[in-house]
Amino acid sequence: MKSSLFLLLLICLSLILVAFSGNPIFIKGEIENDYIIQSASPQCISSANAYALIDLNGYPLVSQEPASIEFRNSTHILLKYVPISHKGGQQLQVSILFNRGLDNNFTLPVGTYDCNEPRFPPTVFIQKLVGYSYDPTVLFQPFLNSKSRVTGYTLQDVYGPFAMLGNENYDGYYSFFLSFDPTQPQNTTDQHFTIREPLGKTKSFVIPTILNEFRTSNPVVSMDIYPKDTTNIDSNLQLVSVIKSKGPVYPGFMYGLIELPSFLVTSTKDGVYTYMGTASVAGQVQSFNVSTGIFNIGDPIYTSTEWSPAIAGLPSADNKYSKISPLNSRSNLIHVWATNTKGIFPVEQLTYQVNNTFIIAPVGMGKGTEKQYDFTYSMMFSSFSPFEFAPMLFRSKISFPTIKSPIPSSSSSPPTDTQPPQLIDFKMEPLIDNYVLITAHIKDDLSGFAQMFLPYYDGVLSPSHLVSGNILDGVYQTRIEATVRISSFTATLSDKANNRLFFSSNYYQNSVYYSLEKKFPPVISFNVNPQEITEFYFEYNNINLTSYGVMNTVYLNFTNANVNMKPYFVYNLNQFSQLGEYLLMEWDYKKKLFKKEFFIPSRLAPRSIDYSLSIPPYSLSPSTLYQMFGERAILKVYSDVFDEMPPIVTSASFSPSSLTINSGESAKVTLRLSIEDPINGLDHGSLVIGSTFDSIVGISFTFTTSDALNKDPYYSTFEFTFTINGNCRSQDYTIVSLDLYDTLGHFSSIKNSSIALNPLYKLYTSPSLVLPVVCTITPDVDSPILTQLEISTLTFDPSTSQKTLTLTMVTQDANGISPRHIPLLYFSDSKMATFTNRPILQTITGTQATYQSVIGIPDNFGDQDGFIVSVYGIYDNFMNINGYSAQDLIDAGFNPFVSSELNILPVLESFSALYTTGGRLYIYGQRFLKSGSESLIKIDYLDGAGYNSASNPQISSSIAASLDIKPTNKSFFVQLFVGQYSSNPLLVTPSAVVDESKSYCKGEPQCGYPSKGYCMSASIGCVCYPPYSGEDCSNILGGGTGSEIDPNSPSAGANNNKFSYHVKVVELKELSLNGELLYNFKFNDWSFFNLSTTSSEKYLYRSRFVHKSMTTAVSVQVELFNQTSQVIFAGKEFFMSPNSIKYTIDISPYDFTNSINFLQLVMQADFSLESDNGTCSTIETGESSVNSEFIKLKVNDHYLYSRFVKLGLIDSKPQMVQNLILNSTASNTTSAQLITTVGIQIPYFSRSVSLDPDFSVLIDNRPNIDHLSQCAKGSSQSKSLSGAQIAGIVVGCTVFGIMVSLVVIYFVLKHLADGGNTKAIKFHRKIRVSRK
């Protein structure tokens, strides 16, 4: 009775509340896209979301249809819905039905939307399908100047050489995706298709294609697919397609239903072309078809085969365990382990809850061997987090028991956190160079904010970006790139308990809500429609690459271009090359357009280069740009002889072919490799020989062509020898890694076969690749152990400027620790951020090994939770292994945990482009602002004045600031001061500015064309045909008797019956700003290595010295060239004359006494000149190109011509450089012997320095004149020199990556013989390039 009365009372109370509550009030609404008609029976629908903000007005809401609740508070609600379809009429009325129970409903109109028929017919603005490979997409706008969506348009009746797929893109654009199947019969070179709109109207199109050029196919010589064996294929092998034909063909390569690109890679003298394609089939478990062939009118020409992969045993484990234990007040330690695991993938993915982390061997490998071991892994997890999940090794399908939190037995566990963080405010503001400033105000109730992940920007906002407040209520800032290829916003917000809030919008939405009243701001992007591109072209677009590569420039402009939002130009050569770049274009203020210079290497196959122009959200292919700009958008190259084929192995064998070895014995084993690269030639490579129980580390070799037995770069034979002793384990040895590079950068690789050709593809089934070894001794089966682990610092102070720790450990095994296998230190924190480090082996005895490492901890790694360390990859001599997870280390009595706090110091990380003319500098980093503290920027120009306040500083945010910089040719330091704290000093290197308005092609006719040389370009100057040289090709190279190399020191030179000279490295000095000598280091003790091959002459010298406990190593490589060579330096090209000598000097890091000091590399040159009638000398100086200067010294009818590059690379940025004549002397009366020393000034640097001049001796080729009388007259353009001054012009240098190079040119060519001019003209034709 009482319960009935109570129920009646509740009903009455509800009726009273209903009576006094109002109906919901519509505040505002938004639909994200236009509507479309979807079927023959007109109905108006949208595939996008709409939103409605409602004032509940006290309405006791129970349900709402057809909407879902996005956000809600006590007074308002934000609803998301997809509008209901509406038949008939031209408008769509949208309403939401609200229900508060008791059959009391309310219908609220929330929008009226127009409903119009789709536009028709479309126009396909495609002139021609010009081919494809990397980007087989053609983009167009069916309705010009309309951003209306084209959803519902479909392709039908497609026939022609290509299969086609249609897809809607952004802002009213549509795209075709093309693929070519060589197994299908073809009867046309045109592409036919029909476009159907949603109501059923159609329009047909016929588009010509590039395949019209292949209507008549050239004869096919052969078609092969590797491996040849089609059964039980190792799924880790790479499939390789090879087509050889008598001339050009259009190839196709199909792996199942997937089409893969094929490339023209090489040609032979008899006109046979080779096309290649590759496919990775890793993880394939079912049989599949592979086909390769060519386009042909009529019956298809192809070969096809079915392969069945070998099915390996599935990964397994005997027993699986999991454990959770408290680590500290904020974190738990989760430990998973499994016994006797087999077949686990070397790259694994550990998944748990909604997280995953990648594990790469030897991480996770505990006791056992590589074939069978106990898996062990520990990870930190927030103690605030309530969870229940079963971790799993995803690829190996090994699941561990379920883990639960909170820990029942732990009385000190903090309260559980079940609520995700709240995003209070969010802003995006544009910065320069495509960067965007992100500012977010985030709150969390218990565990604290962990991260905001912005996947499309590849950006992360974390506690390290905290500007003010704390992780429970804080403001964060970071900088991300805005050059994304989408126009939507997606973000995931999570706290330390792993509660998540996910925001997402589809590709076509302009925004998405993050609170009741606020939306994410529009994505900052270019806001450029492809139709707004007004200019696009290449400086050269029909390029002959037979002899030399070409420095080219791409130009772009569009309506209302924003100079701070810069497009990217991306070009690819082929799958087998590292050449090709992702380049940020630069705004040319004089030409008022974007441009970017890029290098195209020599000997490329004839074709159109693949590239893409990235103007987010669009990525435009050559096919797309061709429709707009025609041939100007096609980058064509050709070569008389071409080679893009990387080096490959033609034979491999072990000697002996098998081995049985007893205890106490040892045996030498040799692997013999034959490597072929018949045109470009092998440059260098690396090899790892592994075995059944040693496949991760193995036995490593690095080599160059000079290490080959025959020293032949084109057909090289190598032998790699290693020793196996009797204390071993029976196993098979084989090649586990091999990387080969040719002289132009084309490379082949075993481990990187997804992006490169496998160099062993011809030998897949060869038994000679395996060496079986039988060890008669009973192997040790006990794993090595860790007996000592000491971490110097277990707590980091938040104001520590450099977070470093020293870790020392000792390993032990009764049969000895393997010295080849250095253990791996594995660091991880609660966000599953990780990094690794390999310590240095300090000492090793019969049973013990001691290691030590000084480790720099990344900024805010571990933030407030700290981090843990694990140790993996400990091997003994019998290849038993061991690894210790953090939990294993605790169980062994060690402490693997390091506590930390959020860093409070400001940090400077990077800076914007700056030139020697000065201007506005932008600097970036963390923690530039602090509430209640003043922030100051100071600058040290390294002029002795120290740090002074910056000019016109502006600190616009906590991660970005700017200041004015005066003109300077030197590097300088910038430092930030926030209250009592100071940042790290940031070294800024300004880039040099050169005048590109002048022409440096001199002479009449220019460069002596056509017999003596030609003008490469106005900015580069003349390229002369041997034996001519000089700035206008009017001089002749002097004669000589050959090079002279000193094996005791890096000295090189040449002599002639009239003159001789030698150059050598003498010493390195550290000088103060005022030139005071602080330290000098003489080079007296050199190790000598002959690195010469059949096609090159190289010599290497090595020395070292100790300064302030730091050992600085110096290596000098002397290289002699026998033909005209192209050098790319500081992004610019230069041409070297034949028979040049190049000094390349490497200097390892040097500990400067003061940052305002500089190094001076001292080199000595002696110059001897025989003369019976006395000498006359004059000197001229000038500019030989936009990037170089010359000094021309005339002695009678001989010139000493020196070319000095104006630019040096200082920390990888172009900067002006200087060489100084220090002193000189003359001796005896019968000859003018001159000795001079030159100092090459090396400014303070943090990473690298590069400089690059050269010189030559020339014979005057003009009519005879009285040089002595000319000297007596003098002129404004010349002046007399003493004999001592002459030799000072001889020396130059080049430094590549903390590397100094001296180029000394000696000449042994005679005067041109009769007919020499004809040869020169022929050579000229080979290297000419066509201009736009």
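The values are calculated or read from the model by the stated rules, or taken from the named source; none is laboratory data. Since we're looking at a predicted model, the values are computed, not measured. Neighbour counts are summed over all protein chains in view; Cβ atoms, including those assigned to glycine, are modelled from backbone coordinates with ideal geometry. Accessible surface is based on the protein model in full, side chains and every heavy atom, while ligands, DNA and RNA are left aside. Shrake-Rupley method; radii C 1.70, N 1.55, O 1.52, S 1.80 Å.
If you check residue 1141 against the conditions, is it among the aliphatic types (A, V, I, L, M), touching a residue at least 60 places away in the same chain (Cβ under 8 Å), within 21 Å of residue 547 (Cα to Cα) and exposed (fewer than 15 other Cβ atoms within 10 Å of the Cβ)? No: the conditions fail for residue 1141. Answer with yes or no whether residue 933 is farther than 24 Å from residue 435 by Cβ and either small (Gly, Ala, Ser) or in a loop (DSSP other than H, G, I, E, B) (or both). It is true that residue 933 is farther than 24 Å from residue 435 by Cβ and either small (Gly, Ala, Ser) or in a loop (DSSP other than H, G, I, E, B) (or both). Pairs linking a residue in the range 219-231 that is of a type in the set (A, V, I, L, M, F, W, C) to a residue that is open to solvent by less than 50 Å² (accessible area, probe 1.4 Å) and part of a loop (DSSP other than H, G, I, E, B), with Cβ atoms under 9 Å and 6 or more positions apart or on different chains, are 220/249; 221/272. In the range 449-477, the residues that are free of Cβ contacts under 8 Å to residues at least 60 places away in the same chain form Cβ pairs under 6 Å with partners that are of a type in the set (Asp, Glu) and open to solvent by less than 60 Å² (accessible area, probe 1.4 Å), at six or more places apart or across chains, as follows: 449/495; 472/444.
In the set (1) part of a loop (DSSP other than H, G, I, E, B); (2) among the charged types (D, E, K, R); (3) open to solvent by 40 Å² or more (accessible area, probe 1.4 Å), residue 780 fails one condition alone, (3).
Rundown of residues vs (1) under 30 Å from residue 914 (Cα atoms); (2) part of a strand (DSSP E or B), yes/no style:
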| position | (1), (2) |
| --- | --- |
| 426 | no, yes |
| 450 | no, yes |
| 464 | yes, no |
| 480 | yes, yes |
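One residue stands out among those in the range 910-935 that are open to solvent by 70 Å² or more (accessible area, probe 1.4 Å) and closer than 16 Å to residue 951 by Cα: the one that is modelled with the highest pLDDT, which is 922. Against the numbered list (1) over 28 Å from residue 289 (Cα atoms); (2) open to solvent by less than 10 Å² (accessible area, probe 1.4 Å); (3) not aliphatic (A, V, I, L, M), residue 201 comes up short only at (2).
Considering only the range 289-300, I want to know if a residue exists there that is open to solvent by less than 30 Å² (accessible area, probe 1.4 Å), in contact (Cβ under 8 Å) with a residue 60 or more places away in the chain, under 30 Å from residue 696 (Cα atoms) and of a type outside the set (A, V, I, L, M). No, that holds for no residue.
Tell me, which residue of the range 330-344 that is at pLDDT 95 or above and hydroxyl-bearing (Ser, Thr, Tyr) is least open to solvent (accessible area, probe 1.4 Å)? Across the range 330-344, the extreme among qualifying residues is 341.
Listed by position, the strands (runs of 3 or more DSSP E) inside the range 240-285 whose residues that are touching a residue at least 60 places away in the same chain (Cβ under 8 Å) number at least 3 are 251-255, 263-267, 273-280.
Going by the conditions given, is residue 253 within 21 Å of residue 759 (Cα to Cα), of a type in the set (Phe, Trp, Tyr), within 31 Å of the chain's Cα centre (by Cα) and open to solvent by less than 10 Å² (accessible area, probe 1.4 Å)? So residue 253 passes the test.
Residues that are within 22 Å of residue 898 (Cα to Cα), among the small types (Gly, Ala, Ser), buried (at least 23 other Cβ atoms within 10 Å of the Cβ) and more than 28 Å from the chain's Cα centre (by Cα) within the range 831-873 comprise just one, 870.
Of all residues in the range 309-329, how many are open to solvent by 80 Å² or more (accessible area, probe 1.4 Å), of a type in the set (Val, Ile, Thr) and in a strand (DSSP E or B)? Within the range 309-329, residues that are open to solvent by 80 Å² or more (accessible area, probe 1.4 Å), of a type in the set (Val, Ile, Thr) and in a strand (DSSP E or B) number 0. Restricting attention to the range 962-972, the residues that are assigned to a strand (DSSP E or B) and open to solvent by less than 20 Å² (accessible area, probe 1.4 Å) add up to 4.
Within the range 683-695, residues that are closer than 25 Å to residue 372 by Cα have Cβ atoms under 6 Å from residues that are assigned to a strand (DSSP E or B) and among the polar types (S, T, N, Q) in these pairs: 688/700; 688/737; 691/731; 692/731; 693/731, counting only partners at least 6 apart in sequence or on another chain.
Quick one: would you say residue 755 is touching a Leu at 6+ places or on another chain (Cβ under 7 Å), over 19 Å from residue 867 (Cβ atoms), in a loop (DSSP other than H, G, I, E, B) and open to solvent by 20 Å² or more (accessible area, probe 1.4 Å)? Judged against the criteria, residue 755 is not a match.
There is no residue in the range 556-565 that is under 26 Å from the mean Cα position of the chain (by Cα) and closer than 22 Å to residue 642 by Cα.
Of the strands (runs of 3 or more DSSP E) lying entirely inside the range 809-916, those containing at least 1 residues that are touching a Ser or Thr at 6+ places or on another chain (Cβ under 8 Å) and among the hydrophobic types (A, V, I, L, M, F, W, C) span 824-829, 840-844, 848-856, 867-875, 881-884, 907-911.
One residue stands out among those in the range 192-225 that are within 37 Å of the chain's Cα centre (by Cα) and among the polar types (S, T, N, Q): the one that is nearest to residue 161 (Cα to Cα), which is 209. Among the residues of the range 917-939, those identified as within 28 Å of residue 968 (Cα to Cα) and basic (Lys, Arg) are 920, 938.
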